[in-house]
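Undergrad: Sharing a structure, written as structure tokens. Questions coming.
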Amino acid sequence: MISVPLHSPHRIATGIRILLLPLIVLAALPSFAEAGPEEIVASAKRVEQKLDMRVGFTVIDTGDGTVTGYRQNERFAMASTFKAFACAAALSRGEAVLAKKTTIRQADLRPYSPVTERRVGTSISTRALCEMTLRTSDNAAANAILKALGGPAEVTGFLRQIGDETTRLDRYEPELNEAKPGDPRDTTTPQAMAETLRRLLLQDVLEPQARDQLEEWMAGNAVAGGLLRSRLPEGWQIADRSGAGGHGTRGVIALVRPPQGAPLIVAIYMDRTDHPLKVRDAAIAEIGAAIFETYQR
């Protein structure tokens, strides 16, 4: 088991706080080799071998800081999991961005825009676009959020401000889903995603109201029923964001709240497979079952 210390945040603006990470602290951080409950690691390895794919995950027990992972420092394409962080960036800027309205044009529509395709010609606030894309993964809505922020690079800049030196967003939907092996664009690691999600939802990087709003939006996710939610024990709560892309990419990030004990942060990614989406979903669900069984108290 590896424990990760929580860093003290310092406020720098109304909507955002920056984490100051001295070089001496960065140098002292562990390398996160395979760690933690063997049942979870074994489950990931079984899935990887059985389906001939690459799997990586990180689980953070926020009660004691213990981190469990496998291939947690390897890069994977984010696909639509980036949408949680884009909306976090919008929340950090407050009403100046959240209240800004975007008129949806026919030319703005992209593959998989189930809500915005019915709203062409109407103006929608960034706040409403975030609710929309975190609930349905609407791609045109996600692009509108990115444009309201000033482009994908603004999300990367926000992540650097809050201490994530790994995750990067370079393109818009749907190009960011290309997920070409070896291409660093639009990628992250399971470890980076888990640590950043913990900062956003459980620490004070965001103001309390913004933090609660992000969790509420993610809890309303309506397109991840076949993933972790399918194996969630009764009485547990989840706020998640899923994604899928080229070369068999599939991923999910989540805050999971057991009825007793501290919350868990989960990030699971997989790629390099030709298996259909339902098979990949079932693979993530299998790993999720091992996680939940390990942490049931």
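Rule-based calculations on the coordinates, nothing more; no lab input. Keep in mind that this is a model prediction, so the values were computed, not measured. Cβ sites come from the backbone with ideal geometry, for glycine too, and all protein chains shown count toward neighbours.
Undergrad: May I ask you to derive the FRET efficiency for Lys180 and Ala128 from their Cβ-Cβ distance with R0 = 22 Å, giving the value to the nearest 0.05?
TA: Efficiency for this residue pair is about 0.10.
Undergrad: Expressed as a rounded percentage, what relative contact order does the chain have, with Cα pairs under 8 Å and six or more residues apart?
TA: Computed over the chain, the figure is 23 percent.
Undergrad: Using the 2.2 N^0.38 Å rule of thumb for compact globular proteins, work out how region 105-184 stacks up: its C-alpha Rg over that value, please.
TA: Cα-based Rg divided by the globular estimate yields 1.16.
Undergrad: Along Cα→Cβ, 7 Å out, is where each label goes; now give me the distance between the ones at Asp170 and Glu38 in nm to one decimal.
TA: If labels sit at Asp170 and Glu38, their model points lie 4.0 nm apart.
Undergrad: Sticking with this one: Could you give me D for region 187-297, from Stokes-Einstein at 37 °C and 0.692 mPa s, where the hydrodynamic radius is the Kirkwood radius over C-alpha pairs? Units µm² s⁻¹, please.
TA: Using the Kirkwood radius from Cα pairs, D works out to 228 µm²/s.
Undergrad: While we're here: Please arrange Glu74, Glu207, Glu173 by how many other C-beta atoms lie within 10 Å of their C-beta, fewest to most.
TA: Glu74, Glu207, Glu173
Undergrad: Loop-only GluC sites (Glu not before Pro) in region 139-183, please: DSSP not H, G, I, E or B, and at most 16 other Cβ atoms within 10 Å.
TA: Those satisfying the criteria are Glu165, Glu178.
Undergrad: Can you show me the helix-derived [θ] at 222 nm for the chain, built from DSSP H runs with n ≥ 4 at -39,500 (n - 2.57) apiece and divided by the number of residues, rounded to the nearest 500.
TA: It lands at -11500 deg cm²/dmol.
Undergrad: In addition: How large is the direction-averaged shadow of the alpha-carbon convex hull of the chain, in nm²?
TA: Mean projected area of the Cα convex hull: 14.2 nm².
Undergrad: Here is a further query. Quick one: order Arg257, Arg241 by neighbouring beta-carbon count within 10 Å, fewest to most.
TA: With the sparsest Cβ surroundings first, the list reads Arg257, Arg241.
Undergrad: Another question about this same structure. Going by how many other Cβ atoms sit within 10 Å of their own, how do Lys180, Lys101, Lys83 line up, fewest first?
TA: Lys180, Lys101, Lys83
Undergrad: At what distance in nm do the modelled label points of Ala153 and Glu117 sit from each other, each positioned 7 Å from its Cα along Cα→Cβ?
TA: Between Ala153 and Glu117, the label points sit 3.3 nm apart.
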